[in-house]
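Novice: Supplied in structure tokens, the structure appears directly below.
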Amino acid sequence: MLETPALVAHAADLELVIRHVLAGLGHGIHAGRERGAGVEFSEYRAYAPGDEWRRVDWKLLARADRYYVREAERDSHVAVWLWLDATASMAERSRRVQGLDKFWFARTALACMAAIAQRQGDAFGLVVCSDGRVDFTPASRGPRQLQRVLAALQRARPVGVLPDADTLRANLHFARSQSMVFAATDALDWPSPLSEALIRLRHMRHDVRLLALRTEAEANAQLASGHAYRDPEAPSGLHSFDRDSRDAYRAALDEHFSAVRTATRRHDIPLCVAQVEQPLGEVLRAWLRNPR
């Protein structure tokens, strides 16, 4: 079994991690819809791995000798958008757990959210900010959409910086209808074009949830004295740590995240701050928790 972050980090099969984490999660992204009211039959489609057996039309199976699933259209619909910060700072590695970094954790958390959305029958899509660009996987439903999103997450790499504010603002067209937005970042660049875009989405009355990731070493200033560090998104200088600079770093980090908490609270954006060394299921529960 995958019991610890270390074992999870070494699992090459992302779908295996998803199955393990979701087995103990026990709830979905939002409250389930009532059956019957607001649900109309739309069409049949061929069964695909991952479809629920209760949606198979057994009478049609007897006639056609093939599995078909009943598709339904709902009056009420909430799209789920998964937003990944794939900039260079997300490549920061855990000093304690080999093979684990912020990007792996963020990507895997969003993959689990995609699997939950697919299980609930919601449309879901992916937004990746990397190297000054915005890449989309358009929202859709079903197991094939899950495979598309997982493939896009697997292809993503943590490089470069965020897109500028104008680029992000021009790309907010994806959230035209009511949406839930789950954004995973390290929030080190705040305020930023990303924070401005998320706040804008919240003012458009979308439900925005933010996951801010840190490594244990970052959170506790466990950085080796005498070693030089370079900011991956501003590589013009080197930084070294002694006792005084470590204390200054810790104070600056606390002040920064206090400002992030204040800003997200002001704009009614639930914030989940987590360390990548924490169990993934525990972080997902906190991220999904409805604070209202």
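The values are calculated or read from the model by the stated rules, or taken from the named source; none is laboratory data. None of the values given here were measured: they were computed from a predicted structure. Cβ atoms come from the backbone with ideal geometry, glycine included; neighbour counts cover every protein chain shown. With ligands, DNA and RNA removed, areas are computed over all heavy atoms of the protein, side chains included. Shrake-Rupley method; radii C 1.70, N 1.55, O 1.52, S 1.80 Å.
Novice: Can you report the number of residues in segment 118-140 which are among the basic types (Lys, Arg) and either assigned to a helix (DSSP H, G or I) or closer than 20 Å to Glu92 by Cβ (or both)?
Specialist: Start the filter on segment 118-140 by keeping residues that are among the basic types (Lys, Arg), which leaves 119, 133.
Now restrict to residues that are either assigned to a helix (DSSP H, G or I) or closer than 20 Å to Glu92 by Cβ (or both): 119.
Total satisfying the criteria: 1.
Novice: Here's another thing I want to ask about it. Does Leu84 count as at pLDDT 95 or above and under 20 Å from Ala197 (Cβ atoms)?
Specialist: Details: at pLDDT 95 or above: yes; under 20 Å from Ala197 (Cβ atoms): yes.
Against the criterion (at pLDDT 95 or above and under 20 Å from Ala197 (Cβ atoms)), Leu84 qualifies.
Novice: If you don't mind, there's one more thing I want to ask. Does any residue in segment 254-283 that is on the phi > 0 side of the Ramachandran plot come within less than 6 Å, Cβ to Cβ, of a residue that is aromatic (Phe, Trp, Tyr) and open to solvent by 20 Å² or more (accessible area, probe 1.4 Å) six or more places away or on a different chain, and which pairs are these?
Specialist: Correct list of pairs: empty, since none qualify.
Novice: Take segment 105-127 and flag every residue that is under 21 Å from Ser195 (Cα atoms) and open to solvent by 10 Å² or more (accessible area, probe 1.4 Å).
Specialist: Within segment 105-127, just Arg107 meets the criteria.
Novice: Related question: Can you report the number of residues in segment 262-276 which are under 18 Å from Ala219 (Cα atoms) and not in a loop (DSSP other than H, G, I, E, B)? So that I can check it myself, show each step before the final result.
Specialist: Residues of segment 262-276 under 18 Å from Ala219 (Cα atoms): 271-276.
Filter once more, keeping what is not in a loop (DSSP other than H, G, I, E, B): 271-275.
Residues that pass the stated criteria total 5.
Novice: Of the residues in segment 180-202, how many are open to solvent by 30 Å² or more (accessible area, probe 1.4 Å), in contact (Cβ under 8 Å) with a residue 60 or more places away in the chain and in contact with an Asp or Glu (Cβ under 8 Å, 6 or more places away or on another chain)?
Specialist: Number of matching residues: 2.
Novice: Among the numbered conditions (1) within 28 Å of Gln178 (Cβ to Cβ); (2) in contact (Cβ under 8 Å) with a residue 60 or more places away in the chain; (3) outside any loop (DSSP other than H, G, I, E, B), tell me where Ser89 comes up short.
Specialist: The one condition Ser89 does not meet is (1).
Novice: So for segment 101-112 (the condition being in a helix (DSSP H, G or I), farther than 22 Å from Asp189 by Cα and touching a strand residue (DSSP E or B) at 6+ places or on another chain (Cβ under 8 Å)), does at least one residue qualify?
Specialist: Checked against the condition, which is being in a helix (DSSP H, G or I), farther than 22 Å from Asp189 by Cα and touching a strand residue (DSSP E or B) at 6+ places or on another chain (Cβ under 8 Å), segment 101-112 yields no hits at all.
Novice: Taking segment 220-244, which residues are at pLDDT 75 or above and of a type in the set (S, T, N, Q)?
Specialist: If the condition is that a residue be at pLDDT 75 or above and of a type in the set (S, T, N, Q), then Asn220 is the only one that fits.
Novice: For segment 133-179, name all the residues that are closer than 25 Å to Ala286 by Cα and surrounded by fewer than 16 Cβ atoms within 10 Å (Cβ to Cβ).
Specialist: Result: Gln154, Gln178.
Novice: Would you confirm whether any residue within segment 155-169 is closer than 27 Å to Arg95 by Cα and without any contact (Cβ under 8 Å) to a residue 40 or more places away in the chain?
Specialist: Pass one, segment 155-169, residues closer than 27 Å to Arg95 by Cα: 155-162.
Going one step further and asking which of them are without any contact (Cβ under 8 Å) to a residue 40 or more places away in the chain, we end up with 155.
Yes - at least one qualifying residue is present in segment 155-169.
Novice: Right, another one. Keeping to segment 181-219, report how many residues are of a type in the set (Phe, Trp, Tyr) and modelled with pLDDT of 95 or more. Full working, then the answer.
Specialist: Residues of segment 181-219 of a type in the set (Phe, Trp, Tyr): 182, 190.
After this cut, where a residue has to be modelled with pLDDT of 95 or more as well, the list is 182.
Result for segment 181-219: 1.
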